[in-house]
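Readers should treat all values here as calculations from the given coordinates under stated rules, not as data from a laboratory. Fair warning: this is a prediction, and the values are worked out from it, not measured in the lab. As a convention, Cβ positions derive from the backbone with ideal geometry for all residues, glycine included, and neighbour counts pool all protein chains shown.
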Amino acid sequence: MRMARAACTLVLLAGAWVAAAQAQAVWQFVDRDGVTHMGNVSPPAPRGVIWLEGVGSATPAGQSRSVNTQAVKLPGYAAAQPLLEEAARAQALEPALVIAVAAAESGFNADAVSRKGALGLMQVMPATAERYGVAGRSGTDGRHAVMEPKLNVQVGSRYLADLLRMFDGDKELALAAYNAGEGAVVKHGRRIPPYPETRQYVDKVMRLYQTLVR
């Protein structure tokens, strides 16, 4: 699902697990060039930044991981969180993964519309919505039915779940397919396509996902 993305930088706040060299840092972020920045005085938040707070330690092997509910501070998250978690559970997905996708796709903006026509919280393309039985416009505002937040995250989560099944549970391949289309992943030998946007997208979502789980 290739589409325009808001220029969103992932901001990772350091926790107790940070290496000794980073122990004094209270914030940390990775910029769009992959460069890590950190400091002990929180910087002013530029527009479009996703803040992550309260990062916990890695989950011991064999234990289930839950969403760090204090991890995201972004307008729209409070309203979107229960919808995303409900949709994730319905598809047997990790809520943190679905939340990470929505954060990268729309910044939790339920009204987001990309230049390529992707819609809503999870930036669902109309063709993808139709694949899952959601077509046309609804209501007096003339918007596509999949703009409705609950329906949007249901369709997006179902699509993500289908991609995970298609690629044998490989999160990175599923995310690449969500961004560029499953055909592109298959065409490139079931590897992440060599598109800068797609590679950056996969890296961004995985970093956010890994920070959200505990």
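For the residues M122, M147, what sequence is obtained by ranking on other C-beta atoms within 10 Å, fewest first?
M147, M122
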Proxy exposure order for F167, F108 (fewest C-beta within 10 Å first) is F167, F108
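For a quick check: sort K116, K204, K150 by the number of other beta carbons within 10 angstrom, fewest at the front.
Least crowded to most crowded, the residues run K116, K150, K204.
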Any lysines whose Cα falls less than 20 Å from that of K73, other than same-chain ones fewer than 8 residues away, would be K204
Compactness summary of segment 138-214: radius of gyration and Dmax from Cα atoms, Å, are 14.5, 45
